[in-house]
Amino acid sequence: RQADGRKVLRSSIREFLCSEAMFHLGIPTTRAGTCVTSDSKVVRDIFYDGNPKNERCTVVLRIASTFIRFGSFEIFKPTDEYTGRKGPSVNRNDIRIQMLDYVISTFYPEIQEAYSDNSIQRNAAFFKEITKRTARLVAEWQCVGFCHGVLNTDNMSIVGLTIDYGPFGFMDRYDPEHICNGSDNTGRYAYNKQPEICKWNLGKLAEALVPELPLEISELILEEEYDAEFEKHYLQKMRKKLGLIQLELEEDSKLVSELLETMHLTGGDFTNIFYLLSSFLVVDSDPSKLEDFLKELTNQCASVDELKVAFRPQMDPRQLSMMLMLAQSNPQLFALIGTKANINKELERIEQFSKLQQLTEDDLLSRNKRHWKEWLEKYRDRLQKEIESVSDADAWNTHHVKVMNSNNPKYILRNYIAQNAIEAAENGDFSEVRNVLKLLENPFQEAEDFREVKEDAEEEGATAAAAACTQETRSRLPYSSKPPLWASELCVT
């Protein structure tokens, strides 16, 4: 990017909307105060494919208690024996002590007060707290299907906030290996890798705190606290999403896993499936009502056309054939230029795509209904145990629905929604950005009382073309819909 340091309208709108969306979902995050654009232009190659274009320079005002990150402490890194690279403040332990004192006394004052006479204990308590905050944060991400996109140490907040909204994305069709960042070729930051990579980053922070916190202490804290805190918080949140408010049973973890597996098998929309479950009739055995509910569920599953797009082979057949020949004839060279995992994944895609050519919509619907019936029977049994443990089933049901409705959002910032707002804004009409923001500020609410924000055309300088673009945007699918087929072509890098 020629190191010009400038942000553009497209990415600024995404950051502005997402940081506010996360806040209103109750997830720790930096905030966005303003988004200011200009007539200045910079050249950007959006997809790194040799097709650059001019984009408006834009500034987002970010708000947080601090923007110190894990990576801030890596300025003290010693010289790497292989690359010769080192931190700009290597051997300056005096600065590391100052930074650590500042972070703990300012943002963790209760820890400073409790261990004021023992710096090692104080630093250990701080590391334990940031470990637990990070584990809870990533558990929250997993429960709303949020993928950060680039989880390096510079994108990890020292106070446990979601920070630096770059190539993020909320997952639509549930896929544990979903990659939201089009330039993440190896899937390092895939949805199911987020807990693992955040733990890895904490390990890097631990290394950066030596000698102020010996590694044997921090590594023990990390092993004892991170996984346990993540699993505990994740399961607590998932119980709320399923309305399991009375009992905490060991079988709940399996029920959640089987739900996600069913979503994966049927291509279910992560957000909308959870949202629908609050209307599942627990004790009503009316077959017609169950059939209606199954119809609603399967409407949120991927169609044959959507699956064909999802499993479309990504490698040229000749390239794949060459790689397979190379893997057999020269494994060492193959290891340098291609990964076995990627090739295996591509072979799986080809197999799936081939099967889809023979699959009809009726066959798919029948298969999906069977999968969902099987899981709903288990869910009903689990809810029945809840009811049997209370004296007032009606009061329980009211609370059950309330908890589910306050933990399963109806509105998230899907890529296609952000894209609609961006396209309107790039044509001079910012009303769609405000419309989207208004909904994201009430993610758990029905939109019955929602009215679109009307802009003063003269104030905005809106042209007839911009108005036409906005009208087209507003006539598209409702904000709570699963994405249209065209959205699968969107790429964020």
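The values are calculated or read from the model by the stated rules, or taken from the named source; none is laboratory data. The model shown is predicted, which means the values in this text are computed figures rather than measured ones. Every residue, glycine among them, receives a Cβ derived from its backbone with ideal geometry; neighbour counts consider all protein chains shown. With ligands, DNA and RNA removed, areas are computed over all heavy atoms of the protein, side chains included. Shrake-Rupley method; radii C 1.70, N 1.55, O 1.52, S 1.80 Å.
Taking into account only those residues within the stretch 402-414 that are in contact with a helix residue (DSSP H, G or I) (Cβ under 6 Å, 6 or more places away or on another chain) and open to solvent by 10 Å² or more (accessible area, probe 1.4 Å), which is farthest from residue 37 (Cα to Cα)?
Among residues in the stretch 402-414 that are in contact with a helix residue (DSSP H, G or I) (Cβ under 6 Å, 6 or more places away or on another chain) and open to solvent by 10 Å² or more (accessible area, probe 1.4 Å), the one farthest from residue 37 (Cα to Cα) is 403.
Filter the stretch 331-367 for residues that are among the aliphatic types (A, V, I, L, M) and in a helix (DSSP H, G or I) and give the result.
333, 335, 336, 337, 341, 343, 347, 350, 356, 364, 365
Is it true that residue 217 is free of Cβ contacts under 8 Å to residues at least 60 places away in the same chain and of a type outside the set (Asp, Glu)?
Against the criterion (free of Cβ contacts under 8 Å to residues at least 60 places away in the same chain and of a type outside the set (Asp, Glu)), residue 217 does not qualify.
Condition first: without any contact (Cβ under 8 Å) to a residue 60 or more places away in the chain, surrounded by fewer than 22 Cβ atoms within 10 Å (Cβ to Cβ) and among the β-branched types (Val, Ile, Thr). Can you find one or more residues in the stretch 147-157 that meet it?
yes
Mind checking whether some residue in the stretch 101-114 is in contact (Cβ under 8 Å) with a residue 60 or more places away in the chain and not hydroxyl-bearing (Ser, Thr, Tyr)?
The answer is no; no qualifying residue exists.
Among the listed residues 175, 117, 184, 164, which satisfies the condition of being on the phi > 0 side of the Ramachandran plot and outside the structural domain of residue 259 (by the TED database)?
164
Taking the condition in contact (Cβ under 8 Å) with a residue 24 or more places away in the chain, of a type in the set (A, V, I, L, M, F, W, C), open to solvent by less than 20 Å² (accessible area, probe 1.4 Å) and part of a loop (DSSP other than H, G, I, E, B), does residue 180 pass?
Considered against the rule, which asks whether it is in contact (Cβ under 8 Å) with a residue 24 or more places away in the chain, of a type in the set (A, V, I, L, M, F, W, C), open to solvent by less than 20 Å² (accessible area, probe 1.4 Å) and part of a loop (DSSP other than H, G, I, E, B), residue 180 comes out as yes.
In the stretch 68-92, how many residues are over 22 Å from residue 160 (Cα atoms), of a type outside the set (D, E, K, R) and surrounded by 14 or more Cβ atoms within 10 Å (Cβ to Cβ)?
So the count comes out to 2.
Conditions: (1) closer than 22 Å to residue 366 by Cα; (2) open to solvent by 10 Å² or more (accessible area, probe 1.4 Å); (3) touching a helix residue (DSSP H, G or I) at 6+ places or on another chain (Cβ under 9 Å); (4) not in a loop (DSSP other than H, G, I, E, B). Residue 222 meets all but one. Number of the miss?
With respect to (1) closer than 22 Å to residue 366 by Cα; (2) open to solvent by 10 Å² or more (accessible area, probe 1.4 Å); (3) touching a helix residue (DSSP H, G or I) at 6+ places or on another chain (Cβ under 9 Å); (4) not in a loop (DSSP other than H, G, I, E, B), residue 222 is out only on (1).
Give the stretch 236-261 a look and list any residue that's in contact (Cβ under 8 Å) with a residue 60 or more places away in the chain and assigned to a helix (DSSP H, G or I), or say none.
Scanning the stretch 236-261 gives 237, 238, 240, 241, 252, 255, 258, 259, 260.
Could you pull out the residue among 112, 98 that is outside the structural domain of residue 20 (by the TED database) and in contact with a helix residue (DSSP H, G or I) (Cβ under 9 Å, 6 or more places away or on another chain)?
Result: 112 is the single residue among 112, 98 that is outside the structural domain of residue 20 (by the TED database) and in contact with a helix residue (DSSP H, G or I) (Cβ under 9 Å, 6 or more places away or on another chain).
Please determine whether any residue of the stretch 184-192 is buried (at least 21 other Cβ atoms within 10 Å of the Cβ), under 20 Å from residue 261 (Cβ atoms) and either at pLDDT below 95 or not hydrophobic (A, V, I, L, M, F, W, C) (or both).
Yes; the residues of the stretch 184-192 include at least one that is buried (at least 21 other Cβ atoms within 10 Å of the Cβ), under 20 Å from residue 261 (Cβ atoms) and either at pLDDT below 95 or not hydrophobic (A, V, I, L, M, F, W, C) (or both).
So residue 202 fits all but one of (1) open to solvent by 30 Å² or more (accessible area, probe 1.4 Å); (2) under 26 Å from residue 75 (Cα atoms); (3) not in a loop (DSSP other than H, G, I, E, B); what number is the exception?
(1)
With the structure loaded, tell me whether residue 348 is in contact (Cβ under 8 Å) with a residue 60 or more places away in the chain, open to solvent by 90 Å² or more (accessible area, probe 1.4 Å), assigned by the TED database to the domain that holds residue 260 and not hydrophobic (A, V, I, L, M, F, W, C) or whether it fails that test.
So residue 348 does not fit the description; no.
Residue 417 - would you say it is over 21 Å from residue 269 (Cα atoms) and either open to solvent by 10 Å² or more (accessible area, probe 1.4 Å) or assigned by the TED database to the domain that holds residue 57 (or both)?
Here the answer is no, as residue 417 does not meet what is asked.
Only one of 31, 44, 56 is touching a residue at least 60 places away in the same chain (Cβ under 8 Å), touching a Lys or Arg at 6+ places or on another chain (Cβ under 9 Å) and more than 24 Å from residue 204 (Cα to Cα). Can you tell me which?
Of 31, 44, 56, the one residue that is touching a residue at least 60 places away in the same chain (Cβ under 8 Å), touching a Lys or Arg at 6+ places or on another chain (Cβ under 9 Å) and more than 24 Å from residue 204 (Cα to Cα) is 56.
Taking residue 101 as the residue in question, decide whether it is part of a helix (DSSP H, G or I) and in contact with a strand residue (DSSP E or B) (Cβ under 7 Å, 6 or more places away or on another chain).
Considered against the rule, which asks whether it is part of a helix (DSSP H, G or I) and in contact with a strand residue (DSSP E or B) (Cβ under 7 Å, 6 or more places away or on another chain), residue 101 comes out as no.
Could you name every one of the helices (runs of 4 or more DSSP H) located completely within the stretch 262-319 that has at least 2 residues being more than 29 Å from residue 393 (Cβ to Cβ) and charged (D, E, K, R)?
Answer list for the stretch 262-319: 304-310.
For residues that are assigned to a loop (DSSP other than H, G, I, E, B) and buried (at least 16 other Cβ atoms within 10 Å of the Cβ), scanning just the stretch 29-63, find the one that is modelled with the highest pLDDT.
By that ranking, first place goes to 30.
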